[in-house]
Structure formats: structure tokens, C-alpha cells
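Asker: For reference, the structure I am asking about is given below.
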Amino acid sequence: MERKMIDDMDLEKVTGGSIVFNGDHTTCGRNRNDQYKVLDYTAVIKYIAENRHSMSEKTMLNNMLAAGLLSNL
């Protein structure tokens, strides 16, 4: 496999990873599990499952905030 340098545009194409939940699924986050309050866990899991291949975690979190599935702590 040939090595090549990547740039920010390449990183924007990356999807997947994990949104981390705390033990009782009441909070979650991208870097740690205390960034957002989970208002509807079932809907959040469904949204992540439906969109994990087409958008970044940051975009999913922003969309779930806008939809009222999460709130800022």
C-alpha cells in the first residue's frame, strides 16, 4: 500500500468511531461521556445506526441537538 499525506479534507470524509455513553445512558459525548444530556436514548441509538456511514459524529451530535434528542449540559 502506498503512503500519502492526508489533509483536513480527507479527515472530513471519515465516519464512524464511537459516541460514548455513560453507564445509565443519561449522558454522552464525542470526547467524553459528560458533554450532552440524552433526552431520548432509543431515538438517539436509532439515529446513530441510520446515519453512521453517511455523516461524522460531530454532525450527528449537532443534528440530534437541533432535533431535541440531546441537550447541552
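The values are calculated or read from the model by the stated rules, or taken from the named source; none is laboratory data. The model shown is predicted, which means the values in this text are computed figures rather than measured ones. Every residue, glycine among them, receives a Cβ derived from its backbone with ideal geometry; neighbour counts consider all protein chains shown.
Asker: Quick test of your reading of the structure: residue 63 fulfils all but one of (1) at pLDDT 95 or above; (2) over 10 Å from the mean Cα position of the chain (by Cα). Name the failing condition by number.
Answerer: All conditions are met except number (2).
Asker: Okay, moving on. Count, please, the residues in segment 5-51 that happen to be under 16 Å from residue 70 (Cβ atoms) and either acidic (Asp, Glu) or at pLDDT 85 or above (or both). Steps first, please.
Answerer: Quick first cut of segment 5-51, residues under 16 Å from residue 70 (Cβ atoms) only: 18-22, 24-51.
Next, from what is left, pick out any that are either acidic (Asp, Glu) or at pLDDT 85 or above (or both): 19-22, 24-30, 32-51.
Total satisfying the criteria: 31.
Asker: Looking only at residues in segment 46-73 that are aliphatic (A, V, I, L, M) and touching a strand residue (DSSP E or B) at 6+ places or on another chain (Cβ under 9 Å), which one is surrounded by the fewest Cβ atoms within 10 Å (Cβ to Cβ)? So that I can check it myself, show each step before the final result.
Answerer: Residues of segment 46-73 that are aliphatic (A, V, I, L, M), as a first pass: 48-49, 55, 60-61, 64-67, 69-70, 73.
Within this subset, residues satisfying the condition of being touching a strand residue (DSSP E or B) at 6+ places or on another chain (Cβ under 9 Å) are 61, 64-65, 69-70, 73.
Values: 61: 22, 64: 23, 65: 14, 69: 21, 70: 26, 73: 9.
Of everything passing the filter in segment 46-73, 73 is surrounded by the fewest Cβ atoms within 10 Å (Cβ to Cβ).
Asker: If you don't mind, another one. I need the full set of residues from segment 45-64 which are among the hydroxyl-bearing types (Ser, Thr, Tyr) and assigned to a helix (DSSP H, G or I), in order please.
Answerer: The first filter runs over segment 45-64 and keeps only residues among the hydroxyl-bearing types (Ser, Thr, Tyr), leaving 47, 54, 56, 59.
Once the filter is applied, which keeps residues that are among the hydroxyl-bearing types (Ser, Thr, Tyr) and assigned to a helix (DSSP H, G or I), segment 45-64 yields 47, 59.
Asker: Select from segment 16-44 the residues that are part of a helix (DSSP H, G or I), surrounded by 15 or more Cβ atoms within 10 Å (Cβ to Cβ) and among the β-branched types (Val, Ile, Thr) and list them in ascending order.
Answerer: 44
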